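Novice: One structure, as structure tokens, below. Some questions next.
The values are calculated or read from the model by the stated rules, or taken from the named source; none is laboratory data. Just so it is clear, the structure is predicted and the values come from calculations on it, not from any experiment. Here the Cβ positions follow ideal geometry from the backbone for every residue, glycine too, while neighbour counts run over all protein chains shown. Surface areas here come from the heavy atoms of the whole protein model, side chains and all, with no ligands, DNA or RNA. Shrake-Rupley method; radii C 1.70, N 1.55, O 1.52, S 1.80 Å.
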Amino acid sequence: MKKALSFILVLTLVFGSTSVIFADSAQTASSPAFTFSGEEIKLSLDEAIERMTTTGPAFESVMLTKDGNDAAARGQFEAIKAIEEARDQYKALTPEQQAALGGVSVPSLNSLTGKQATLAKEYYKNYSPIAYEAGINGIKNQTIQAYYGLLMSQENYRIASESTDIKKTLLDNTKKKFDLGVASKMDVLQAENAYLSAQQAEAEALTSLTTVRMQTNMALNYDTLQNLTLTDSLTLVTAPSIDLDSAIESALTNRADVMQAKYNMDNAELEFNSVKAYPKNSATYMGAQASFQGQKLAYDTKLTSVEIEIRQAYMELEDLKKAVDVAQSTYENAKEAARLTQLQYDTGMCTLTDLQTAQNNSSAAQLGVYSAITNYDLAVYSFEYNSKAGIL
């Protein structure tokens, strides 16, 4: 469990960075302590998922849980077999031998113990593979988040670097305008400040990226300074093919948390049924009744919450897809506005501040596209997992 928590903690650190940007090995080599070295490892998203779902502490944790569930199932099989053997041995005794045992109680499969063993046997037999799938889904989901986080970082840095180049070009042109007498000294100072600010932002972005790359390497079970290159890019994934009603039905049938809630209810019902001969005002009866009603309420609530979760996630997919379309349109408009403002500035029809604002808006809108794509893709993967075994 500690290993699994460590894995999640690393990923939390990855996405907790205030600025996530990308740089290649040469750009991060300003200090030998932060040189990403070794033979370059190229990793697609599918390869990253394959790696994390076959090796590493998170995978080992899932396997240990599966072994525990399998052992529990085997234990119940053995308990049932022991009950049957004890019953057969008792039946084989003569009436005199049975009497000599002093009326000892021999358990049967119809007893509470037998019924609970039978229930547990079926539960663990069915639950173990589902819980394993949900655990693997959890690893996949975290790996996808880490991969997309670094992809987003790459785009963030690229945009920051391009912004610095734009500010440098603007500064150079402003100086030329000043030499020709068509720009003021204030314009030159303003352009210089913008360029210096862009340089500072790029430097801070590079520092942040170095941290993100190290944390991502750690999350993917590589050496801290491994030279890792992601080969996939930020593109929209295919929308889920399953319809809403089928997704809800699948989740209610296959989710590990739903199966667990039902088992708890069924087990409490067995215990309640075993004490129904007691007076209804007795502590034994009332306690078993309260336990069963509580577990039934928990199961019914789980069914409702899972249905709401799937419906909400389905609607959010639609919203997030629209957000991608809006972000792309916003970027195209911002990019064109920046181009037109540049022309206006060149002809003296707008101020330097107007041009810088338009350029900044274009950069922000471009990053907004990649952010929208990331949000949509992550939601698609999560929806697909939660529509099946769930995520543990």
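Novice: If you go through the range 32-50, how many residues are closer than 25 Å to Ser208 by Cβ, open to solvent by 40 Å² or more (accessible area, probe 1.4 Å) and either modelled with pLDDT of 90 or more or of a type in the set (Ser, Thr, Tyr) (or both)?
Specialist: Step one: filter the range 32-50 for residues closer than 25 Å to Ser208 by Cβ, giving 32-38, 40-45, 48.
Applying the additional criterion that residues be open to solvent by 40 Å² or more (accessible area, probe 1.4 Å) yields 32-35, 37-38, 40-42.
Retained after the next criterion (residues that are either modelled with pLDDT of 90 or more or of a type in the set (Ser, Thr, Tyr) (or both)): 35, 37, 40-42.
Selection size over the range 32-50: 5.
Novice: With Ala379, Ala389 as the choices, which residue is under 30 Å from Lys66 (Cα atoms), outside any helix (DSSP H, G or I) and open to solvent by less than 30 Å² (accessible area, probe 1.4 Å)?
Specialist: Only one candidate qualifies: Ala389.
Novice: Same structure again: Within the range 256-270, is there a residue that is touching a Ser or Thr at 6+ places or on another chain (Cβ under 7 Å) and either modelled with pLDDT under 95 or assigned to a helix (DSSP H, G or I) (or both)? Write out each step before concluding.
Specialist: If we filter the range 256-270 for residues that are touching a Ser or Thr at 6+ places or on another chain (Cβ under 7 Å), which is where we start, we get 268.
After this cut, where a residue has to be either modelled with pLDDT under 95 or assigned to a helix (DSSP H, G or I) (or both) as well, the list is 268.
Scanning the range 256-270, I find at least one residue that is touching a Ser or Thr at 6+ places or on another chain (Cβ under 7 Å) and either modelled with pLDDT under 95 or assigned to a helix (DSSP H, G or I) (or both), so the answer is yes.
Novice: Continuing with the same structure: Quick test for you: out of Asn267, Asn193, pick the one residue that is surrounded by 14 or more Cβ atoms within 10 Å (Cβ to Cβ) and either under 27 Å from Ala327 (Cβ atoms) or of a type outside the set (D, E, K, R) (or both). Before the answer, list the steps.
Specialist: On the way: Asn193 fails: surrounded by 14 or more Cβ atoms within 10 Å (Cβ to Cβ).
On inspection, the qualifying residue turns out to be Asn267.
Novice: So, one more: Would it be correct to say that Lys185 is loosely packed, with under 15 Cβ neighbours inside 10 Å and without any contact (Cβ under 8 Å) to a residue 24 or more places away in the chain? Walk me through how you get there before you give the answer.
Specialist: On the way: loosely packed, with under 15 Cβ neighbours inside 10 Å: yes; without any contact (Cβ under 8 Å) to a residue 24 or more places away in the chain: yes.
Against the criterion (loosely packed, with under 15 Cβ neighbours inside 10 Å and without any contact (Cβ under 8 Å) to a residue 24 or more places away in the chain), Lys185 qualifies.
Novice: OK, next. Could you tell me which of the residues Ala219, Ala203 is open to solvent by 40 Å² or more (accessible area, probe 1.4 Å) and either under 30 Å from Met152 (Cβ atoms) or in contact with a strand residue (DSSP E or B) (Cβ under 6 Å, 6 or more places away or on another chain) (or both)?
Specialist: Details: Ala219 fails: open to solvent by 40 Å² or more (accessible area, probe 1.4 Å).
That would be Ala203, the only listed residue that is open to solvent by 40 Å² or more (accessible area, probe 1.4 Å) and either under 30 Å from Met152 (Cβ atoms) or in contact with a strand residue (DSSP E or B) (Cβ under 6 Å, 6 or more places away or on another chain) (or both).
Novice: Quick check on the range 331-352: of everything there that is open to solvent by less than 70 Å² (accessible area, probe 1.4 Å) and part of a helix (DSSP H, G or I), which residue is farthest from Ser184 (Cα to Cα)?
Specialist: Tyr331
Novice: Just one of Lys175, Lys168 is open to solvent by 50 Å² or more (accessible area, probe 1.4 Å) and over 30 Å from Ser208 (Cβ atoms); which is it?
Specialist: After ruling out the rest, the residue left standing is Lys175.
Novice: Still on this structure, please answer the following. One residue is enough: does the range 224-245 have a residue meeting the conditions in contact (Cβ under 8 Å) with a residue 12 or more places away in the chain, farther than 27 Å from Thr54 by Cα and of a type outside the set (Lys, Arg)?
Specialist: Checking the range 224-245: at least one residue is in contact (Cβ under 8 Å) with a residue 12 or more places away in the chain, farther than 27 Å from Thr54 by Cα and of a type outside the set (Lys, Arg).
Novice: Okay, moving on. Considering every residue within the range 219-241, establish whether at least one is at pLDDT below 90, in a helix (DSSP H, G or I) and under 24 Å from the mean Cα position of the chain (by Cα).
Specialist: Yes, because at least one residue in the range 219-241 is at pLDDT below 90, in a helix (DSSP H, G or I) and under 24 Å from the mean Cα position of the chain (by Cα).
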